[in-house]
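**Q** Sharing a structure with you now.
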Amino acid sequence: NDVLTFLRQFSQVQLSTNLNVNNSTTHLLVDDSENHLHCTITKKIVQAAVRHHIFIISSRWLNECMRLNKFIDEHPYEIISDSHTTLRSSQHDSNATNKYLFSQNSQYSYAFAIECRQCQGSINRSELIELIQLTGAQLFQNEQAVDVLIVLCDTSDKNLNKIKEKYMNAPASNIKYVTSDFLLKSIIKFEIQDIDKYSL
């Protein structure tokens, strides 16, 4: 394979076909052949977006590196959006003074409770917990006092009233019941979204 041959020239590079993005990942290559610098938001895109050191780039970058037989600047190849959402860029990350979306030193303390059965169809509960922790927010513990408790629920949850009863006496100044899209869009844009747009 040409890609393997090219990458073996560089001892510091490791190629992974791992199904999950993790802290050792530096580049996530995306097929943008249908629409340059655009892609469908997937589990891997979200996992990469929450980790600030990862470039989310077109696979054309690797093709161009191979053509020139050297690594080139990734920035012109960064994926900028899907059809609805502009992704955070690495330039934004390098200028950011805070690497956490829900910063511990912001004016509010945030905690999430997970009541949804699935998130975007493919993100399971343990992956969702990891995403929450990587944003700087906490997973809600019953006795924990927080300013904003965000309860992630399924879009068409028939048990919403039971869920609201469960958190009625939670030690939180403000409780919001939202779809998991609130968390995902906030991560992808690296900006806390208007929570009311996702309220149930």
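Since every read-out is calculated from the coordinates, none of them should be taken as a lab result. Predicted, not measured: the structure shown is a model, and the values here were computed from it. In this analysis, Cβ positions are derived from the backbone assuming ideal geometry, glycine residues included, and neighbour counts consider all displayed protein chains.
**Q** Could you calculate the contour length gain from Asn169 to Phe10, that is, 0.36 nm times the residue separation minus the distance between their Cα atoms, to one decimal place in nm?
**A** 51.5 nm
**Q** What is the local net charge at Leu15, summed over the other residues whose Cβ is closer than 13 Å to its Cβ (Lys, Arg +1; Asp, Glu -1)?
**A** 0
**Q** Something else: Below 8 Å between Cα atoms, with a sequence gap of 6+, how large is the relative contact order for the chain in percent?
**A** 18 percent
**Q** Would you kindly state how much longer the chain becomes between Lys158 and Ser126 on full extension, computed as 0.36 nm times their sequence separation minus their alpha carbon distance, in nm to one decimal?
**A** Length difference between fully extended and current span is 9.2 nm.
**Q** Leaving out same-chain residues fewer than 8 places away, which lysines sit with a Cα under 18 Å from that of Lys176?
**A** Counting by Cα, and skipping residues close in sequence, Lys176 has these lysines nearby: Lys158, Lys162, Lys164, Lys166, Lys185, Lys197.
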